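Read the figures in this text as sums done on the coordinates, not as results from a lab. As the structure is a prediction and not an experimental result, all values here were calculated from the model. Note: ideal-geometry Cβ built from the backbone for every residue, glycine included; neighbour counts use all protein chains shown.
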Amino acid sequence: MITLKLQSTFEPILGKSKISKKLAQQVDQAATDLKTVTIQGPPGSGKTFIAQLIHGKSELKEGFFTEIDCTQLPHDHEQLVKQISVIPLSGKGTLLLDNVEFLSVKQLNKLIEYIRETEATNPQYLASKSKVRIILASAKQIKIPGLEVHHIKLFALAQRRVDIPEFANYFVEKFCRERQRQPLEINQASLRRLISYDYPGNLVELEGVLKRAVMMTPTEKTFIPEQLLWSLESPKNSFRLDLLNQLPWLRQFLLSKWWPEGFWILVMALFIPVTISGFFGSENRSESIILNLFWAWWWTFSLLLFPIIGRLWCSVCPFMITGEWVRKLSLWIWPRQLLPWPTKWLNKWGAWFVWVSFTLIYLWEKLWDLPHTPYLSASLLLIITAGAVIGSVIYERRLWCRYLCPIGGMNGMFAKLSMIELRSSQQVCGSQCSVFACQDGSDDTLLTFPEALSTEGQATEGCPLHLIPSKLQDNRNCVLCMGCLKGCPNRSVQLNLRFPANDLLHNHQGFWAEVALLLLLFGGVFVHYSSSLFNWLKLKDVHLDSQHLLTAIPVIAMLLSIPFFATYLTHQVSRKIDREMPDYLTVIYVYLPMTLMLNLVYYLPSAVVEAGNILPIIANNFGYSGVGLPVFAWSMDVAVFLQEILLLSAIPLSISLLFKITNRPFLSNLPHSLLITGLPLIFLQLI
């Protein structure tokens, strides 16, 4: 295919990246003489555009610009020369040979030789002093021995993300002019989608997508709807819905002062008197405020919400709030530089500290009967609060919350099952951001995009847990405080709705300390149901209390270790059947949903039967009868029914996760499938 057109005008190179600036210099240098130019670049990267730009800047700009697609040329040498002979070499201009890589070396040499011979022997050419520059374009490197050339290399659009906004605006303005309509704007949601995509077709693909989007945008619209860019889907955003775009009021709320600081006051107004009531209030479980709120309300509803909102509780956690307030007070009294985190030590031992802490909590809870002892329950809350305070007054940000808090460790592990995730576009952050507010903090940032809210680009101190949203691999550490959302000047932050347990299915990185915590929480359910288990096994005179420590501690240790031995031996059987079965560290996370549901099964009766009595309980503690106050409680039969539903639903959920994680056939997964089926059936006998 041969195309011929006169090129009297040219447009400047688009883009302000280092690559674009270097490309502009190469074009200017190539335009100073008429040496042959070789352009190397992937398909759609703009080789023809660069060739036209060189032509338009050279002394040949008043002449013709001819493009030949070498894939359309005949393979026969004589036919090749015959077709090439129609090129108007008697004039001035530029000849672009595109897709040169499809020619053999012999064909390319013959082609160049023919053109050079024509230049030297054609009388008309000599008489008119015609000049023709040859530009060779290819997806591969072109080597022409003995010929001095200008070599220009074009990069894929995915390597020039900094330039995508300018490219996009250029194409949109161009197509709006062609259709004689008012220029359309590209909002931040659409721009984020444009930047996040990898563009296998490079500039040609971007141009085609935006041309279609301009054509399909209704005339009354002033911006391109994100839905029209549906084909530009980053793999990381597959099967996800950004709630901040779908629910504008949610963005406004999360950017407001109400979240999370406004809730801190409400939480502390509840936490302080409730904790005090543990020391001075009623000691009866049915009359204690702290026992009702902590064991019936908090445990049940936090476990229930993990699969939905992940670690959100940590944003309004009273332990953390106390630590933050005490730190601010201490810095006001004694201004000083807080210490940086000992990250190396924490990464190695922090999660094991969480495991040890939770083990001690289980022993304390069971042996001293914390669920029925108000002052001990209050003491547990104060001990965890003390840890947060100590970490906050010594170290910067929230070291305790990320590495050492036992409740935070549990929350982070179960957050991997959440349907909500906070992420940001790595491509947008890497190519557009120069503030780094999410990581290091910043002052107020002036935003220039049209739909920017006045509350965006706020001054922040950076992520309190030292996280970077664009580098998050899972939900384990993010507490959804939205500091990154408030400080981001590019609307890169996304709050996505996704499939549950998605963190476990894609590039999940498990580690032994977290697995130990998972198995501990799994074993804790056996400890909770120890009385029912001993009765079911007809074991008498087994006492798990502080009066029988020497026998109780080993028994509790055995109960806590049941899940490890059961799952490990089962996995060894699976490996005997199939040597390609993933390792234990990978497969054990299949039991994470079951661990959550078994713990929820244990606490559910307290929520169903006891939690609804909270208003009369509060009234009784303040000297009132509480008669006539609403009670939201159901019978134990309702609780048992809900427990059975949860236990039975845990089986298909866990088995489906098993097959997705292992990606092995039925027989290979049979041992784990039998264990997953058997465990809930056992607990059906214990509830």
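Results, tabulated for the structure shown:
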| quantity | calculated |
| --- | --- |
| Simple spin-label estimate for I265 and S454 in nanometres, 7 Å along Cα-Cβ | 2.0 nm |
| Exposure proxy ranking, count of Cβ atoms within 10 Å, fewest first, for H150, H528 | H150, H528 |
| Nitroxide proxy distance, nm - points 7 Å out along Cα→Cβ at L615 and T677 | 4.7 nm |
| Per-peptide average of other Cβ atoms within 10 Å, ordering 656-667, 296-307 highest first | 296-307, 656-667 |
| Spin-label proximity, K328 to the stretch 380-394 - amide N less than 16 Å from point 7 Å beyond Cα toward beta carbon | 389, 392-393 |
| Theoretical gain in end-to-end length, D69 to W298 [0.36 nm per residue, Cα-Cα removed] | 75.4 nm |
| Over the chain: helical MRE at 222 nm, DSSP H runs n ≥ 4 each giving -39500 (n - 2.57), nearest 500 | -16000 deg cm²/dmol |
| Peptides 462-474, 238-250, 403-415 ordered by average Cβ neighbours within 10 Å, highest first | 403-415, 462-474, 238-250 |
| Per-peptide average of other Cβ atoms within 10 Å, ordering 95-101, 383-389, 646-652 highest first | 95-101, 383-389, 646-652 |
| Packing-based exposure ordering (other Cβ within 10 Å, fewest first) of M594, M636 | M636, M594 |
| Calculated FRET value between Q227 and S656, using beta carbons and R₀ = 30 Å, to 0.05 | 0.45 |
| Fraction of antiparallel bridges per DSSP, the chain only, in percent to nearest 5 | 35 percent |
| Linear extension gain, L585 paired with W349, 0.36 nm per residue minus alpha-carbon span | 83.2 nm |
| Which labelled figure in [x] -0.32, -0.59, -1.19; [y] -0.52, -0.78, -1.15; [z] -0.57, -0.82, -1.14 is log10 I(q)/I(0) by the Debye sum over Cα atoms at q = 0.06, 0.08, 0.11 Å⁻¹, once derived from the coordinates | [y] |
| Förster radius 56 Å - calculated FRET efficiency between K576 and L34 (Cβ-Cβ, nearest 0.05) | 0.15 |
| Distance-filtered residues of the stretch 382-403 - backbone nitrogen under 14 Å, label point 7 angstrom along R336 Cα→Cβ | 390-396 |
| Extension gain, L147 back to H506 (0.36 nm per residue minus Cα-Cα distance, nm) | 124.2 nm |
| Anisotropy class of the stretch 512-687 from Cα gyration tensor, a/c 1.5 cut | prolate |
| Simple spin-label estimate for A158 and S649 in nanometres, 7 Å along Cα-Cβ | 3.9 nm |
| Proxy reagent accessibility, fewest Cβ within 10 Å first, across Y375, Y624 | Y624, Y375 |
